[in-house]
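What follows is a set of notes on a single structure, which appears directly below.
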Amino acid sequence: MQQEGRVFPPDRKTSSGAHIKSLAQYRKLYRESIENPDKFWGKVANTELVWMKPWKKVLTFKAPHAKWFAGGHLNVSANCLDKHLATGTANKAALIWEGEPAGLGAVGEERVLTYRQLHREVCLFANVLKKHGIVKGDRVIIYLPMIPEAAIAMLACTRIGAIHSVVFGGFSAQSVADRIFDCQAKMVITSDGGFRRGAIVPLKKSVDESLVLVDSTGKLLAQTINKVVVVRRTANPVHFEPGRDVWWHEEMNTVSPECPPVKMESESPLFILYTSGSTGKPKGILHSTAGYLLGATMTSKYVFDLRETDVYWCTADIGWVTGHSYVVYGPLANGATSLMYEGAPNFPEPDRFWRIIAKYGVSIFYTAPTAIRAFMKWGNEWPKKHDLSSLRLLGSVGEPINPEAWMWYHEVIGGKRCPIVDTWWQTETGSIMITPLPGATPTKPGSATLPFFGIVPEVVDDHGKPVPKNAGGKLVIRKPWPSMLRGIWGDTKRFKETYWTEVKGSYFTGDGCRQDKDGYFWIVGRIDDVLNVAGHRIGTAEVESALVSHPSVAEAAVVGRPDALKGQALVVFVTLKMGVIAHPGLRDELRKHVAKEIGPVAKPDDIRFAEALPKTRSGKIMRRLLKQVACGGEIKGDTTTLEDLSVLEKLGSSEG
Ligand code: WT7
């Protein structure tokens, strides 16, 4: 468990210009937000959002179902774009984009879209969606690289009330097909490819594959898809299916730039984003319009303490919730300049991020601990080559940041001058929940510190009772908040079971946590069967089911092992089917198989063949023991329920 080390008080310069200027001011506002949530949320909903029809009631909550701002009408794209057109923000850069390919001299291609230009593109593309039969409530899959079209497509969906589901470009054809099937999507928006470390990721090819995949009964998974819109990005040749596939750039020339935003109800579904859980099937996390937008907007403003002149860069891919809330919706709703970079941090060289910061004068930089640890490994000479003096605020998200990485980030990247906001939240929470506010909250390396306004986290025991200070327990959220998930698409039962039954009446986060004497929260990590590999959530069951779908595999168990770079590494134990003999090539084959089934993010780091897996007498795999084996440690603790002890001895020597 982390030790409380140094405390970093906010510096005077940050505080004086900040939205929230002191801890006392934060505490006062926080208390008000908790004591009178209706008043608090009602007020910010009116000041932060533009409504087409005023809402009537702040909250109706019958656990686990919440309705926020019932009776109100609004549109997300209008809040992110139209709102700014009558102001000086209209001609400010909304998106600054840099492509990955390295040009001569200056590195990278650039595109800048002002709010006015972005608005026009969004209106045009919204009309393309309409032209191809997409109406309010339809689901649209977005499977794109980090290019402006990704944000344009998302915003265009919200403009006409279509529900987008962005699938990370690193996911496989199978994952695309599964998601299409789960949400019964009508359209896929993709590109001929995207650049990654100099190579082309063939996204359209994956889409083509996904559209012919069948389930176990031979039925097409993607039966509902009738249009594929393809962005030309890499100009590599792609297959084109007449009648089904259309080019983005051609379609944009066939429609009008007039597209009034559709009035959406506060609770209208906004997007679905799939995330791993503790069963084999990813969950379609559903977010709704007003609450989500309010959460993303408010947290962007206060946590990043956005100012007029900021150049803000969140390095997350739009395939993750961080890319939704903090590349697109939050910054744009605030009229900020959001930077988007297409490629890898080490292409063509390990200083690409620092080059970008210096080139555009980035002032706020938000990234993940796994990236920070990679930068540390690559060496200080890379950031040292560049002028990073434009930075004034740093952020971290995705997993606990180890104090050593925090200190490095603070000293080498932040020049000891930039506050660090370590932000805890989840796909399900929609926006940041536990976080320092720069200028107000003293920080402690490794702690996400204190709750955001209106958020009531608590650390509890197995019976839901609060644990004493400094004791470990489960992190729950006691009160509903606007950007909370509204459900799992098509699976209310799972929604209730996963989040609302563990601790009655509260939202269960799945994270272990501890609160110190100052009330600071220290996230320990997941306590369910979910691993956090390089900031990506990976369900062990999902990887296991991918492994057993391989013809050679009989059984599989997946556990996490601490990893200096990725936080956790995926260690896989497999038993093979009768007659199959383990050979070195098989290990590679299985890694490829998992990548094909789920995507490269889920590739096992270590595959061990075993004669049998340790099981309890009731047949449950004893992961606790496998974890110890994976970590190279001695087998400790109770093995009395183990069915066949000899299995354990063999496991230790199964490498090879
Ligand atoms: C899980 C959520 C939310 C954006 C990225 C991940 C872990 C996230 C932190 C943090 C410690 C963190 C938790 C959480 N996590 N941020 N600042 N400190 N842990 O979204 O894929 O939904 O994963 O990531 O375990 O439950 P996600």
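The values are calculated or read from the model by the stated rules, or taken from the named source; none is laboratory data. Here the structure is a predicted model, which means the values were calculated and not measured. Please note: Cβ atoms are built from the backbone with ideal geometry, for glycine as well, and neighbour counts cover all protein chains shown. With ligands, DNA and RNA removed, areas are computed over all heavy atoms of the protein, side chains included. Shrake-Rupley method; radii C 1.70, N 1.55, O 1.52, S 1.80 Å.
Brief remarks follow.
- Only one of the listed residues (Lys469, Lys416, Lys465, Lys444) is among the charged types (D, E, K, R), surrounded by 21 or more Cβ atoms within 10 Å (Cβ to Cβ), more than 9 Å from the ligand (Cβ to nearest atom) and farther than 19 Å from Leu306 by Cβ. That residue is Lys444.
- Residue that is within 15 Å of the ligand (Cβ to nearest atom), at pLDDT 95 or above and farther than 30 Å from Arg27 by Cβ, where the choices are Ile538, Ile488: Ile488
- Pairs with Cβ under 6 Å, 6+ apart, first in the range 236-253 and assigned to a loop (DSSP other than H, G, I, E, B), second of a type in the set (A, V, I, L, M, F, W, C): Asn236/Ile200; Arg244/Val228
- Selected residue [within 26 Å of Thr427 (Cα to Cα) and either in a loop (DSSP other than H, G, I, E, B) or touching a Cys at 6+ places or on another chain (Cβ under 8 Å) (or both)] from Gly295, Gly319, Gly330, Gly291: Gly319
- The conditions of being in contact (Cβ under 8 Å) with a residue 24 or more places away in the chain, crowded, with 20+ Cβ neighbours inside 10 Å and more than 16 Å from the ligand (Cβ to nearest atom) are met by Val558.
- Test set (1) acidic (Asp, Glu); (2) assigned to a strand (DSSP E or B); (3) open to solvent by 40 Å² or more (accessible area, probe 1.4 Å) - Glu404 fails condition number: (2)
- Test: residue in the range 274-285 that is in a loop (DSSP other than H, G, I, E, B) and at pLDDT 95 or above: no
- Top-ranked residue of the range 535-553 - restricted to ones that are without any contact (Cβ under 8 Å) to a residue 40 or more places away in the chain and open to solvent by 50 Å² or more (accessible area, probe 1.4 Å), ranked as nearest to Arg624 (Cα to Cα): Val548
- Qualifying residue in the range 339-347 (condition: outside the structural domain of Leu531 (by TED's automatic domain parsing), within 13 Å of the ligand (Cβ to nearest atom) and buried (at least 22 other Cβ atoms within 10 Å of the Cβ)): no
- The lone exception for Pro331 - which of (1) touching a residue at least 40 places away in the same chain (Cβ under 8 Å); (2) closer than 26 Å to Phe171 by Cβ; (3) open to solvent by less than 10 Å² (accessible area, probe 1.4 Å) it fails: (1)
- Checking Val176, Val140, Val128, Val122 one by one, the residue that is over 24 Å from Pro257 (Cα atoms) and either in contact with a Ser or Thr (Cβ under 8 Å, 6 or more places away or on another chain) or not in a loop (DSSP other than H, G, I, E, B) (or both) is Val176 and no other.
- Enumeration of residues in the range 420-433 that are buried (at least 24 other Cβ atoms within 10 Å of the Cβ) and within 25 Å of Arg12 (Cβ to Cβ): Val421, Asp422, Thr423, Ile432
- Residues satisfying the stated conditions in the range 298-316, i.e. in a strand (DSSP E or B), away from the ligand (no atom under 12 Å from the Cβ) and buried (at least 23 other Cβ atoms within 10 Å of the Cβ): Tyr312, Trp313
- Breaking point among (1) without any contact (Cβ under 8 Å) to a residue 40 or more places away in the chain; (2) open to solvent by 10 Å² or more (accessible area, probe 1.4 Å); (3) within 15 Å of the ligand (Cβ to nearest atom), for Pro457: (1)
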